[in-house]
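A quick write-up on the structure given underneath.
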Amino acid sequence: MHLRNGFDLGTYTQILSNVSHGSIPPFNTLKGMVAWGDHAHFAFALFAPLFWIVPSPLTVLVIQALVITTSAWALFAIAQDRLKSYLFSFTVLLSYLLFFGVQYALDGDFHANVLTAAALAWSFYAFHFKKWRLFWVVFGIGLLTREDAAVFY
């Protein structure tokens, strides 16, 4: 199978492999530095058990695809509650998933900002439906996705 991927997939696969084997902070041999010194993607510690079970670059891509596609449900639920129309809510869902930024992010490489976007979508969901425990859990996870995620919150 041929995947059109770039440097980031190799970098993040190595980070996830190192974290899953207990190397914290993970060293990135591709960049020659501690991985979390460049970008702080501490959420990878949450995904390490999955990589331990299935040690493959495809695991990183599947995690990314599942995270972004499941976050579409959160936006659909908000739209359904506010608009009271299945058609318009479904249009919001499709607009999110077919947006060129989302499509580009999922096009064969890994992008950590996808994790932040998904966390924000679930934060909006929890805030809208006043599910405060979920909000604070997702808020915490969202802060772990990137070093600059707090700016978006």
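The values are calculated or read from the model by the stated rules, or taken from the named source; none is laboratory data. Remember, predicted model here, so these are calculated numbers, not experimental data. Don't worry about glycine lacking a Cβ; one is built from the backbone with ideal geometry, like all the others, and counts go over all protein chains shown. In case anyone asks, the SASA skips ligands and DNA or RNA and just uses the protein heavy atoms, side chains included. Shrake-Rupley method; radii C 1.70, N 1.55, O 1.52, S 1.80 Å.
Restricting attention to the range 96-118 and to residues that are without any contact (Cβ under 8 Å) to a residue 40 or more places away in the chain and open to solvent by less than 70 Å² (accessible area, probe 1.4 Å), the residue that is nearest to A150 (Cα to Cα) turns out to be T116. Restricting the search to helices (runs of 4 or more DSSP H) fully inside the range 1-94 and requiring at least 3 residues that are modelled with pLDDT under 90 and surrounded by 14 or more Cβ atoms within 10 Å (Cβ to Cβ) gives 7-20, 44-53, 57-83. For A74, are the conditions met, namely being under 30 Å from F129 (Cβ atoms) and small (G, A, S)? So A74 fits the description; yes. State which residue is farthest from I15 (Cα to Cα) when the search covers only the range 69-81 and only residues that are free of Cβ contacts under 8 Å to residues at least 40 places away in the same chain and out of contact with any Ser or Thr (no Cβ under 7 Å at 6 or more places or on another chain). Among them, the one singled out is W73. All conditions in (1) in contact (Cβ under 8 Å) with a residue 60 or more places away in the chain; (2) within 22 Å of Y104 (Cα to Cα) hold for L66, with the sole exception of (1). Among the residues of the range 119-151, the ones that are open to solvent by 60 Å² or more (accessible area, probe 1.4 Å), at pLDDT 95 or above and β-branched (V, I, T) come to 1 in all.
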